[in-house]
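Participant: Before we start, here is the structure in question, set down as structure tokens.
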Amino acid sequence: MSTENRPHAPGTPAIQRTGSAPAFFSCWDLHSYYGESYIVQGVNFDIREGEIVALLGRNGAGKTSTLRSIARATEPEMRHGEIWLDHKPLHNMKAYEAAQLGVSLVPEDRCIIAGLTVEENLELAQIEGPIGWSLERIYESFPRLGERRTQDGVTLSGGEQQMLAVARALARDIKLLLLDEPYEGLAPVIVQEIERILESIKSLGITTVIVEQNAIAALHLADRALILDMGQIVFDGTAQEVLDNEELRQQYLAI
């Protein structure tokens with residue numbers, strides 16, 4: 001099937017291309033595949049600058065695939081659609097080009113580089129792109145990382161590795177922060193610390209998309225919520241609407 005004739009999500013008509021995007025960030029009619037498995041099936045959404053959006057759904061709904069498509073990862077393969085950031089097209093870019101434009105993905109596995117200290121992991125991020133936060137500012141916001149700056153990054157606890165992964169993203173001059181399961185496998189006390197850090201990021205006006213199985217925690221942080229089901233957006237509204245709608249939560253989030 002040609003990409004021009006791929007189906008669109010029911011109830012979500014394809015957005016007509018105009019050559020530029022009306023919002024700070026936009027996904028238009030996004031379709032992505034793992035091999036022949038059709039995962040992201042016509043996703044459309046806009047995000048205003050500085051907004052935090054929780055991208056929610058059951059396992060297998062297409063959340064991580066959507067994030068990876070936005071970050072221009074090699075998998076899944078995006079076969080149709082447009083992605084715009086600050087009126088610049090991402091959809092024809094490689095991952096490193098999107099990163100240079102200001103997209104930063106913090107993956108679920110965190111990708112801490114073995115054999116490098118905490119500080120070396122942070123310095124590498126600064127070397128690879130425009131300078132974002134200074135080391136001094138990072139250590140002020142993440143005092144645990146300052147205490148462990150000479151420690152091999154992969155020997156940190158899970159919560160500390162998550163802090164390092166987020167801090168490494170901030171070491172660049174980012175415009176769009178993509179967080180994949182930032183609370184995964186963390187003790188409640190560490191989740192609270194990560195929440196504090198994300199709240200501080202929110203206060204800085206950094207545009208953020210969070211994929212998180214702990215939907216309630218993500219909703220309390222977010223301005224808006226998108227719910228994916230079978231690769232399609234089935235809800236786009238405020239985070240508070242989802243918190244207030246038990247039927248919606250049970251149907252699509254099982255909470």
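The values are calculated or read from the model by the stated rules, or taken from the named source; none is laboratory data. Predicted, not measured: the structure shown is a model, and the values here were computed from it. In this analysis, Cβ positions are derived from the backbone assuming ideal geometry, glycine residues included, and neighbour counts consider all displayed protein chains.
Participant: Within the set of pairs 6+ apart or on separate chains, which have a first residue in segment 137-151 that is within 17 Å of residue 170 (Cβ to Cβ) and free of Cβ contacts under 8 Å to residues at least 12 places away in the same chain, a second that is surrounded by 18 or more Cβ atoms within 10 Å (Cβ to Cβ) and among the small types (Gly, Ala, Ser), and C-beta atoms under 9 Å apart?
Facilitator: Final answer for the pair search is 139/167.
Participant: Separate question: I'd like to check which strands (runs of 3 or more DSSP E) are fully inside segment 1-77 and have at least 1 residues that are surrounded by fewer than 17 Cβ atoms within 10 Å (Cβ to Cβ), at pLDDT 95 or above and in contact with a helix residue (DSSP H, G or I) (Cβ under 7 Å, 6 or more places away or on another chain). Reasoning before the result, please.
Facilitator: On the way: elements: 25-34, 37-47, 52-56.
It comes to none.
Participant: Another question, if that's okay. Under 6 Å by Cβ, and 6 or more places apart or on different chains, what pairs join a residue from segment 234-253 that is hydroxyl-bearing (Ser, Thr, Tyr) with one that is surrounded by 13 or more Cβ atoms within 10 Å (Cβ to Cβ) and outside any helix (DSSP H, G or I)?
Facilitator: Qualifying pairs under 6 Å: 238/224; 252/227; 252/229.
Participant: Name every residue in segment 111-124 that is surrounded by fewer than 20 Cβ atoms within 10 Å (Cβ to Cβ), assigned to a helix (DSSP H, G or I) and touching a Leu at 6+ places or on another chain (Cβ under 9 Å), in order of residue number. First the steps, then the outcome.
Facilitator: Looking only at segment 111-124, we keep the residues that are surrounded by fewer than 20 Cβ atoms within 10 Å (Cβ to Cβ), and these are 111-117, 119-120, 123-124.
Narrowing further to those that are assigned to a helix (DSSP H, G or I): 119-120, 123-124.
Correct list: 119, 123, 124.
Participant: I'm trying to understand the selection: among the residues of segment 209-220, which are surrounded by fewer than 19 Cβ atoms within 10 Å (Cβ to Cβ) and not in a loop (DSSP other than H, G, I, E, B)?
Facilitator: 216, 220
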